[in-house]
Amino acid sequence: MILKAYNQEIHSKQIDHIVQCLRHGGIIIYPTDTIYGMGVGLSNIRSLNRLAQIKYRRKEDLNYTLLCHDLSHLSHYCLPISNSVFRLMKSLTPGPYTFILNANNEVPKLFQGKKKTIGIRIPDNKIVCQIVEALGEPLLNTSLDTQDDQTEYLTDPEYIHERFGKQVDLVIDGGIGQVQYSTVLDCTKNDIEIIRQGIGEVPPLN
């Protein structure tokens, strides 16, 4: 099913439908401020196997990010961060950045593994932020990419639905997406490191 949202506006009935889908373990595809993402509600971690099958990978090999609507979720999933890291995150969010942080004991329980870090992302996109806020928990997100490098599947929601519509429960059409990824910043050590330079520009660090 494809659900159309225009000008980054989504109606309350649409939000309710999306939230119910996620709460029942559904997988959705949605716009962000970079490429389209694919994910599940954090309380439905059992859907990880389905995500891994779609990506043709083992669930242990997928790179997951928590999509949040603000910084209030940090203490739930991350160890305490320094003031400098918090100031950096506050200055760059919402925006096309992923912050790698040290995970607290809650994260290995969620993933049923030994995961010690977690990516946190607050995208500058009203649609996905409205969904996360209404859901009341982060989305467990993985990038929507393909094995054949056909970028139209990453950016055009009609092509995305054609390609993935039978594998996921809902595709949200928020218009043409970006072709670049987010900038990834490793904040797990004293010195912040740029792991991947994406669409987000980074001020001088440290």
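The values are calculated or read from the model by the stated rules, or taken from the named source; none is laboratory data. These numbers come from a predicted model, not from an experiment. Reconstructed Cβ throughout: ideal geometry from the backbone, glycine too, with neighbour counts over all protein chains shown.
With (1) modelled with pLDDT under 85; (2) touching a helix residue (DSSP H, G or I) at 6+ places or on another chain (Cβ under 6 Å); (3) not charged (D, E, K, R) as the list, and residue 139 as the residue in question, which single condition is left unmet?
(1)
Can you tell me which residue within the stretch 71-98, out of those that are of a type in the set (Gly, Ala, Ser) and not in a helix (DSSP H, G or I), is farthest from residue 35 (Cα to Cα)?
Taking the candidates together, the pick is 82.
For the stretch 156-197, which positions are surrounded by fewer than 18 Cβ atoms within 10 Å (Cβ to Cβ) and touching a Gly at 6+ places or on another chain (Cβ under 6 Å)?
Result: 180, single match.
Which residues, counting only those in the stretch 66-109, are in contact with a Lys or Arg (Cβ under 9 Å, 6 or more places away or on another chain) and over 26 Å from residue 180 (Cβ atoms)?
102, 103, 107, 108
Say whether the condition of being of a type in the set (A, V, I, L, M) and either modelled with pLDDT under 85 or within 12 Å of the chain's Cα centre (by Cα) (or both) is met by at least one residue in the stretch 64-79.
First pass over the stretch 64-79, keeping only residues of a type in the set (A, V, I, L, M): 66-67, 71, 74, 79.
After this cut, where a residue has to be either modelled with pLDDT under 85 or within 12 Å of the chain's Cα centre (by Cα) (or both) as well, the list is 66-67.
Yes, that holds for at least one residue.
Of the residues that sit in the stretch 1-39 and are of a type in the set (A, V, I, L, M) and part of a strand (DSSP E or B), which one is surrounded by the most Cβ atoms within 10 Å (Cβ to Cβ)?
Top of the filtered list is 29.
Here is a check on your reading of the model: is residue 119 at pLDDT below 95 and out of contact with any Leu (no Cβ under 8 Å at 6 or more places or on another chain)?
So residue 119 fails the test.
In the stretch 20-39, what count of residues is obtained for those that are closer than 16 Å to residue 122 by Cα and of a type in the set (A, V, I, L, M, F, W, C)?
Result for the stretch 20-39: 2.
I'm told residue 36 meets every condition in (1) at pLDDT 90 or above; (2) touching a Lys or Arg at 6+ places or on another chain (Cβ under 9 Å); (3) of a type outside the set (Asp, Glu) except one. Can you identify the failing condition by its number?
So residue 36 meets the others, but not (2).
Tally the residues that are out of contact with any Pro (no Cβ under 9 Å at 6 or more places or on another chain) and assigned to a helix (DSSP H, G or I), restricting the search to the stretch 99-142.
12
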